[in-house]
Structures are given as C-alpha cells and as structure tokens.
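The values are calculated or read from the model by the stated rules, or taken from the named source; none is laboratory data. Everything quoted here is computed from the prediction, not taken from an experiment. We place every Cβ from the backbone using ideal geometry, glycine too, and count neighbours over all the protein chains shown. These area figures cover heavy atoms from the full protein model, side chains too; ligands, DNA and RNA do not enter into them. Shrake-Rupley method; radii C 1.70, N 1.55, O 1.52, S 1.80 Å.
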Amino acid sequence: PRAKIYPLYTDGRAFAALHLRAIAGRRPLRNGRAATAAVFSLKTGACIMVFQDSFDIVTRGRGTYALTREVQERVERASVRTGICQVFVHHTSASLIHCENADPDVRDDLERFMGGLVPDGDPRYVHTAEGPDDMAAHVRSVLTGSGLNMPVRNGRCDLGAWQGVFLWEPRRHG
C-alpha cells in the first residue's frame, strides 16, 4: 500500500500536508523525501505552509499497522502549529482508519465484523485474479477509505486520548 497526504486549507495561518507511502511487501521501513513550500497571499498577507513527506511500511498480511508515531513525527518536523494533516494511502486494497489504540480487541472485532460483511471468496465476485481475498479486499478498502484528515494543534495531530492512526491491510499476504 502507498499513502500520500495532500495539503488542505485551514484558517489561513498555516497548514500541513504529509505525504505517506506505505508499500506492501518485504522491504524495510525507510524515510521518504520531505518537501516544504510556503505560499503568501497578496490579498490577505497570510502564509500557507505545505509540508510533504513519505515513508514505507512493511505489511505481513491481514491486520492493522499502527502509523500514529510516524505521522506525528512528520507533523512535528514540519514545524506547523495549527493546520490540517491529510494522509492518503496509494493502494487499491488497503485503507487508513482512525481507531482505538488502547485495546487491540477493538481492531480484532472490526476484522471479524468486516469478514462477515465482506467475506473472502464470495461466489458473486468475478475479480479473483490474485486469490479469494482479492475482491473482498477491494470492497473493504472502498468501505473504509483511503484517506484521513486530522486537525493539527500545538504542533501535533489533535487525536483523542485513545485514538490512533492505522493502515488496514485486508489481504492475507502482505
């Protein structure tokens, strides 16, 4: 899976864009290239800052993979105090979710629920080129989404006490 974060407009003071790339497979975690740009408005005098960065994450098959630390580190590196962080995964069968980070049973229950809602190998599926979990993974990704938006306050994503950011890999093989 690949994730990309694009800039969003905020209150005119600043905003952050984070570019994430999560690659499924056996490659090690590596940092991407960071880029910062500032845009000045002649009309309002406001400065809008854009920051893009990326990283790869190895997936080992079906499950959730915590991204909160990686996202927070990049937002902090951007030096944005107030804004919006947008994360996008470049993959057609993986997704990004906000979810409870304290009890892993929550994510396990979500996996069981989704397995009942969108079962692997359903005979209605025609697209099975990569196995019985192929089309089910695409449907799960469409239902959960490929992007997240988070407010940035005081230089960090303003998440709830028990919220985390996760990549959800629905495929049995990473």
Does residue 62 satisfy being modelled with pLDDT of 90 or more and within 30 Å of residue 140 (Cα to Cα)?
yes
Quickly run through the range 120-133 and pick out the residues that are surrounded by fewer than 17 Cβ atoms within 10 Å (Cβ to Cβ) and either touching a Ser or Thr at 6+ places or on another chain (Cβ under 9 Å) or acidic (Asp, Glu) (or both).
121, 122, 130
Which pairs have Cβ atoms under 6 Å, sit 6 or more apart or on different chains, and link a residue in the range 123-134 that is of a type outside the set (S, T, N, Q) to one that is part of a loop (DSSP other than H, G, I, E, B) and open to solvent by 90 Å² or more (accessible area, probe 1.4 Å)?
133/172
Answer residue from the range 143-174, given it is loosely packed, with under 13 Cβ neighbours inside 10 Å and among the hydrophobic types (A, V, I, L, M, F, W, C) and is farthest from residue 81 (Cα to Cα) among those
143
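Rundown of residues vs (1) among the β-branched types (Val, Ile, Thr); (2) crowded, with 19+ Cβ neighbours inside 10 Å; (3) at pLDDT 90 or above; (4) over 16 Å from residue 150 (Cβ atoms), yes/no style:
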site	(1), (2), (3), (4)
42	no, no, no, yes
57	yes, yes, no, yes
66	no, no, yes, no
69	no, no, yes, no
79	no, no, no, yes
Residue hits (the range 85-104; among the hydrophobic types (A, V, I, L, M, F, W, C) and either under 16 Å from residue 57 (Cα atoms) or buried (at least 22 other Cβ atoms within 10 Å of the Cβ) (or both)) are 85, 87, 88, 89, 94, 96, 97
Give me the pairs: first residue in the range 84-104 and within 11 Å of residue 145 (Cα to Cα), second residue of a type in the set (Asp, Glu) and assigned to a strand (DSSP E or B), beta-carbon distance under 6 Å, and six or more apart or on different chains, which are they?
94/169
